[in-house]
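A.B. asks: Provided herewith is a single structure, encoded as structure tokens, for subsequent inquiry.
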Amino acid sequence: MAVKQHRMKQGRQAKTSKHNNSFVGASAVAQALSLKPAPGNAVLSRAVYYTMHFFRRPISMQLILAPMQGLIDDVMRDLLTRIGGFDECVSEFVRITHTVHSRPTWLKYAPEMANRNLTPAGVPCTVQLLGSDAANMAVNALEAVRFGAGKIDLNFGCPAPTVNKHKGGAVLLNEPELIYHIVCTLRERLPAHIPLTAKMRLGFEDKTRAIECAQAIAEGGACGLTVHARTKTEGYEPPAHWEWIRKIRNSVSVPVTANGDVFTLQDYLDITTVSGCTSVMLGRGAVMRPDLARQIKQYGQNGSAQEADFTEIAGWIRLFFDLCTAKAAGSKYPVARLKQWLGMMKHVYPQAGEWFSRIRTLKETAEVKQALETLGRGSRPPACG
Ligand SMILES: Cc1cc2nc3c(=O)[nH]c(=O)nc-3n(C[C@H](O)[C@H](O)[C@H](O)COP(=O)(O)O)c2cc1C
């Protein structure tokens, strides 16, 4: 296999890039986030009962909160893991080029590293790296571990043109040999007790090398693999090809996590059935429907799930804004993040749309805070721990 032949060529390194994460443009983010839920993902009734599916639910489900650059940062991870249901979360990718990141940089992406890699609610957070210079990625991974990281994930799926142009993310899916080399190098250099995992798409332009890439990751020494079931060219266009996750799962010896287009409990049941995976990663669905993981976990335990009502959600919105303000008071961050979130939630909750309209023209933190005072009074924010 090409991957194995590549063992001989391990000295050859890919060129590095001098750019960092900021090159993932806002337009790409907006494009991915503007996706409306697929038909059938309309607002569910408050109490949903999926009795028919109860007896085929996965025995030991694992729910992972997706890494999402510019969307699921530490504040969103804090909020969503407080709400419940998640077993693990992953940081936004940390771009590795020619430098070695300092402690403040690592903590910027994953402040959980200073808290035993746990969100305030106690959910473990994995640090994700993106790059193609295996040697420098290994040096950086070791630094991350020195500063507290307990698990490293590698990104082989980012579709951003600037990242791909500099040989990072999904473009590496054209070079399974290089993927193997990167995984192998990191596995060799990292301490044995630090788990190494990877996340991939199905390919760059087509799926012809999907299995080869997955095997490169597994044979390189990763102990787990997440598959976002689309190629780079497919972007975020529905549908995600869940049947490919099963093919990959059948051809590698490591546990596979299924990812792509899980917006509802029913989608979760469908992706587990089609892919055969008991581990599922939730991205946009968890942001649009912040209790999605909690619903899935409830269903797994009881065979029924209770959806949050908007009074409860209103409490989360206020808490989110307070957490954003605590992180970056005096900046545009709290208002921008709140608008971004409401803009996504309005696809599921009409009330979020009304709130979005109410604050759309507001710019100052204080005026938004005042507007939020009237929202969800009396609802209790989720506790930590
Ligand atoms: C705005 C945005 C940012 C993303 N950032 C990352 C990232 O930093 N690392 C990564 O591996 N995947 C990233 N992804 C991909 C998601 O983790 C996930 O694979 C994808 O959104 C499909 O899952 P979903 O349908 O549940 O959202 C990003 C996706 C979006 C829309």
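Rule-based calculations on the coordinates, nothing more; no lab input. Bear in mind that the values here come from a model prediction, so they are computed numbers and not experimental data. A quick note on method: Cβ atoms are made from the backbone with ideal geometry, for glycine too, and the neighbour counts reach across all protein chains shown.
A.B. asks: Normalise the Cα radius of gyration of the stretch 165-265 by 2.2 N^0.38 Å (N = residues in it) and let me know the number.
C.D. replies: 1.05
A.B. asks: Quick check on packing: order 226-232, 116-122 by the mean number of other C-beta atoms within 10 Å, highest mean leading.
C.D. replies: Taking the mean over residues of other Cβ atoms within 10 Å, the ranking is 226-232, 116-122.
A.B. asks: For the stretch 310-373, what value does the Rg/Rh ratio take when both radii are computed over Cα atoms and Rh is the Kirkwood radius, given to two decimals?
C.D. replies: Numbers: Rg = 10.7 Å, Rh = 11.5 Å.
Rg divided by Rh gives 0.93.
A.B. asks: Now for a different question. Within the set LYS108/LYS363; LYS167/LYS247; LYS108/LYS165; LYS232/LYS297; LYS167/LYS346; LYS167/LYS327, which residue pairs have Cα atoms separated by over 29 Å?
C.D. replies: Violating the 29 Å Cα-Cα cut-off are LYS232/LYS297; LYS167/LYS346; LYS167/LYS327.
A.B. asks: While we're on this one: Taking just the C-alpha trace of the stretch 85-134, give me its Rg and Dmax in Å.
C.D. replies: 11.8, 38
A.B. asks: Can you give the convex hull volume per residue for the Cα atoms of the stretch 220-352, as a whole number of Å³?
C.D. replies: Looking at the stretch 220-352, the number lands at 159 Å³ per residue.
A.B. asks: Could you tell me which of rounded, prolate or oblate describes the stretch 264-312, using a ≥ b ≥ c as the square roots of the eigenvalues of the alpha-carbon gyration tensor, with rounded for a/c under 1.5 and, failing that, prolate when a/b is larger than b/c and oblate otherwise?
C.D. replies: oblate
A.B. asks: Applying a 10 Å radius around every beta-carbon, put 171-182, 266-277 in order of their mean neighbour count, most first.
C.D. replies: 171-182, 266-277
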